[in-house]
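Worksheet: the structure to be examined is printed underneath.
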Amino acid sequence: MGGVNMPEGGGKRTLDFDLNLVPFIDLLSCCISFLLITAVWTQMAQLDTTQKLDGGPSSGEKPKKVNITIGPSGYELMLPEEKVACTIGRDGNKYDLTKLKKVLESQKNTVAGQLFIGIAAVDELPFELLVDVMDICASLGLKNVSLGQLVAPPQGGPACGGG
Amino acid sequence: MTVKTPGRRAGSGSALRQVKRNMAAKASRSLSASLNLTSMVDFMSVIVIFLLMNFSASGDFTYNQSDIVPPDSAYGAELVRVPVIAISATEIIFEQTRVESSRAVLAETEEYTLPRLVEALKKEQEAFKDIRKDQVFDGKILIQADEGVPYKLIRRVFLAAAKAGYPNISYIVRLKGTGAP
């Protein structure tokens, strides 16, 4: 048995009461068992894409789209106002996600209206490389992301400016 | 020869006197130990708070398979319950049912459009429309793929899903900093 002392509030009644620890410990044990069973140790989330390209009901013009191609040597970007694709080479063994983020951020700030992102990759590359790019898009608040089929293998071109 | 009561004894040599004393002390020791309840209740409360922080009421509808490790992401949105296609290096599973072999799909030509998966997706769509007549079908589907699966397999699955009327495809990821490395 445990006693809990409460400060007296001026009345004559005593505020002390006994707390029966046996049911209290039983309750805590049940809580621990229940929470252990229902605990989620790995937090899952989702990255959204859409296979529709919708420029909006009022806009008659072609939607602004950045096409990102993931190749074995890095990223190749076809920007909306450009005619030649630019490249972001690999930084050693890693893909340069920092530079890709800079380029996409500058595009997001310069392009008026919604910016669409199309991502494609060489067939043999692992899925995680696409998720890295989708993650960058999600971090910039770009919601119109679609995955697609590679039309032509990356050709190589001038390095992207990065704004 | 004197008669001695049976039991444990350490012998009669003078070198064993200390051992005899220790044995006698142990025999008289009580078997019950006192437990400090304040510390125990504190300890249990801390465990309850820790587990409450890990509690999730939304349930777990993703596949817990050792051969499907979702890629890491830092900006994923909260999961919404929609049908799940799981893709591992060996098989493609739709709602707990194996529909295709991954190796066979990879070996097939581009004309192969995963007919069993398309059929299963169309059945799911019909079931949704039959059961939830008051709701608009939004064509949402989740793909839970292993991080090492080649893009070719993912591409063929999402194209099949889009063909079956599911254009809004989300990919299950593991939030960075949680789970096993």
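Observations, loosely collected:
- Among the residues making up the stretch B:103-138, a single one is within 19 Å of B:V80 (Cα to Cα) and crowded, with 20+ Cβ neighbours inside 10 Å: B:L121.
- Among the strands (runs of 3 or more DSSP E) confined to the stretch B:68-181, the ones with at least 1 residues that are within 14 Å of chain A (Cβ to nearest Cβ) are located at B:84-87, B:91-94, B:140-145, B:168-175.
Yes or no, residue by residue, for (1) modelled with pLDDT under 85; (2) surrounded by fewer than 16 Cβ atoms within 10 Å (Cβ to Cβ); (3) not polar (S, T, N, Q):
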| residue | (1), (2), (3) |
| --- | --- |
| A:P72 | no, yes, yes |
| A:L79 | no, no, yes |
| A:E82 | yes, yes, yes |
| A:L104 | no, no, yes |
| A:G118 | no, no, yes |
| A:V151 | yes, yes, yes |
| A:P154 | yes, no, yes |
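- Some residue of the stretch B:125-138 being modelled with pLDDT under 90 and aliphatic (A, V, I, L, M): yes
- Residues of the stretch A:137-147 that turn out to be free of Cβ contacts under 8 Å to residues at least 40 places away in the same chain and buried (at least 18 other Cβ atoms within 10 Å of the Cβ), as a count: 2
The values are calculated or read from the model by the stated rules, or taken from the named source; none is laboratory data. Everything numeric in this text was worked out from a predicted model, so none of it was measured. Positions of Cβ are generated from backbone atoms using ideal geometry, with glycine treated the same way; all protein chains shown enter the neighbour counts.
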